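First the structure, in the form of structure tokens, and then the observations on it.
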Amino acid sequence: MSKRKSKHKGEINFLKVKKTDGHYIIQTLKDNFKNASVINHKYKISYEDNFILFPLVESKDIIDKLKNKLEDSLTYYIVSREPLIRQNFKHKSLQEALTGKIPDLFFDLIPKSYDIIGNIAILEFEKPAQIEDDEFSEYRTLIAEAVIGVNKNVQSVFVKKSEIKGDYRLREFAHLRGENKSETIHKENNCSFKLDIKHTYFSPRLVYERRRISNTKIQENEVIVDMFAGVGPFSIQIAKLNHVKIHAFDVNPYAYKYLKENIELNKLTGTVIPYNTNVRDLLKPSNHIGKKLCGTVDRVIMNLPEQSLSFIDVACFLLKKSCGIIHFYQFSEKPNPIEKTMGYLNKKLNDFNWVITKIQNSKIVKSHSPKAELVVIDLGIKS
């Protein structure tokens, strides 16, 4: 049985039950509202005599569902009170922050995951056919505001406008909320990386992969080539922990600019030498860098998964003929993406008279699309 009183300005709805029924309420919420917030955690639970008052979210749909669940099971009241805000309150999830702000029908719009690079959040949306353009724009803005509210370090929110494209591997972004600033400093594995999301490629989703490579068994004074270095996440993290010399190449002048800054920004054990050069140019007889590096390199990193296979000849040109290590990243179609990558790689190496001596590691790093995976293979080769 329920009773309800009218709400005045500044007040919110509370669920009022006897203290002895408090545990029953909590269990009911756990059992029946696993994917939706009912309690408004922004406000404190209150007590009046022998009653406990739970602050409710501003959602008629959820409150009606709650009333249906409680009807005939116990005596409760929906009452209005001036709420007390919890100190240092922060919503635990986007769903919680958006309850009552967007219709429950459109909760599927809320991204299940999103990238955070430094103080910038990057969202991706797929517009449902039943939502009008202006309504869709409004909900995107509310979601962006919630992202800032949930993540204390996020100051800017951008939305993806295109796929990754071009020689520089860039995508287009649109500003949604917060500061309209695309440059940031991203911290990862005790290193800092200055970058601009609009002018450089950077994936925070490879954080564990970069840590794995930098913590692998690398010999002192190894010569390493990072063939597609970007702003330096692989090179700098390896040189942070290892006494090595890394030649870091990238064709993008913006990436090269930030790579140089990031070398200075981080205290390195080893040395990173940056080049604003397409590694394919190293094969030219007139290229003095190519002449110097040919056949002297112990290890190469090939993180250009769309095209790595087409640069195998460059890796073979650089590596020591007696033995060398490749960290090879490739997008590969399902099923059996690792086996397919191994097949392509083995054939390509054989074309240049190189053979695989050892597979140190092979695994799926992450999903790339419904049909493909990002695969890494760490292998030893010789000529």
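Any read-out appearing in this document is the output of simple, stated calculations on the displayed coordinates, not a laboratory observation. Just so you know, these numbers come straight off a predicted model, no measurement behind them. Note: ideal-geometry Cβ built from the backbone for every residue, glycine included; neighbour counts use all protein chains shown.
Subtract the Cα-Cα distance of residue 134 and residue 187 from 0.36 nm times their separation in residues, and report this length gain in nm to one decimal. Full-extension gain reported as 15.5 nm. Okay, helix-only estimate at 222 nm for the chain: each DSSP H run of n ≥ 4 adds -39500 (n - 2.57), divide by all residues, round to 500 deg cm²/dmol; what do you get? Value at 222 nm, helices only: -8000 deg cm²/dmol.
For a modelled paramagnetic label at residue 68, 7 Å from Cα along Cα-to-Cβ, the residues of region 101-116 in reach, with backbone nitrogen under 20 Å, are 101-108. Tilt of helix 133-150 relative to the longest C-alpha principal axis of the chain, in degrees (0 to 90, nearest 10)? Long axis of 133-150 versus the principal axis of the chain: about 80 degrees. A straight Cα-to-Cα reach below 17 Å connects residue 371 with the aspartates and glutamates 163, 306, 333, 339, residues fewer than 8 places away in its own chain not being considered. Per-residue extension of 0.36 nm, minus the Cα-Cα distance of residue 294 and residue 339, leaves a gain of 13.2 nm for this segment. If R0 equals 25 Å, the separation of the Cβ atoms of residue 383 and residue 217 corresponds to a calculated FRET efficiency of about 0.65. Relative to its Kirkwood radius, the Cα radius of gyration of the chain gives an Rg/Rh of 1.12. Each of residue 313 and residue 180 was given a label point 7 Å from its Cα along the Cα-to-Cβ line. The distance between the two points is 4.6 nm. Computed over the alpha carbons of region 201-382, Rg followed by Dmax gives 15.5, 44 Å.
For the peptides 226-233, 26-33, the ranking by mean Cβ contacts within 10 Å, running from highest to lowest, is 226-233, 26-33.
Would you mind checking region 187-230 for residues with the amide N under 19 Å from a putative spin-label position 7 Å along Cα→C-beta of residue 160? The answer is 196-209. Convert 10 °C to kelvin, take the viscosity as 1.306 mPa s, use the Kirkwood radius over C-alpha pairs of region 155-301 as Rh, and evaluate the Stokes-Einstein diffusion coefficient in µm²/s, rounded to a whole number. Rounded, D is 99 µm²/s.
Take every pair of alpha-carbon atoms less than 8 Å apart whose residues are at least six positions apart; their mean separation over the length of region 297-362 yields a relative contact order of 35 percent. Taking the DSSP beta bridges with both ends in the chain, the antiparallel portion is around 65 percent.
The Stokes-Einstein estimate for region 294-383, based on a Kirkwood radius over Cα pairs and taken at 37 °C with 0.692 mPa s viscosity, is a diffusion coefficient of 254 µm²/s. Mean projected area of the Cα convex hull of region 1-157, taken over all directions, amounts to 10.8 nm². Taken along the Cα-to-beta-carbon direction at a fixed 7 Å, the label points for residue 172 and residue 141 span 2.1 nm. If R0 equals 25 Å, the separation of the Cβ atoms of residue 113 and residue 45 corresponds to a calculated FRET efficiency of about 0.20.
Give the dimensionless ratio obtained when the Cα radius of gyration of region 94-181 is divided by 2.2 N^0.38 Å.
Computed over Cα atoms of region 94-181, the ratio equals 1.10.
Rounded to two decimals, the Cα radius of gyration of region 154-199 over 2.2 N^0.38 Å is 1.25. Against the main long axis of the alpha-carbon atoms of the chain, helix 60-70 sits at an angle near 70°.
Applying 0.36 nm per residue to the separation of residue 358 and residue 281 and subtracting their alpha-carbon distance, the gain on full extension is 24.8 nm. The translational diffusion coefficient of region 2-81, from Stokes-Einstein at 25 °C and 0.890 mPa s with a Kirkwood hydrodynamic radius over alpha carbon pairs, comes to 193 µm²/s.
Taking region 94-181, how many lysine pairs are there with alpha carbons less than 16 Å apart, if each pair must be eight or more places apart or span two chains?
So the count of such lysine pairs works out to 5.
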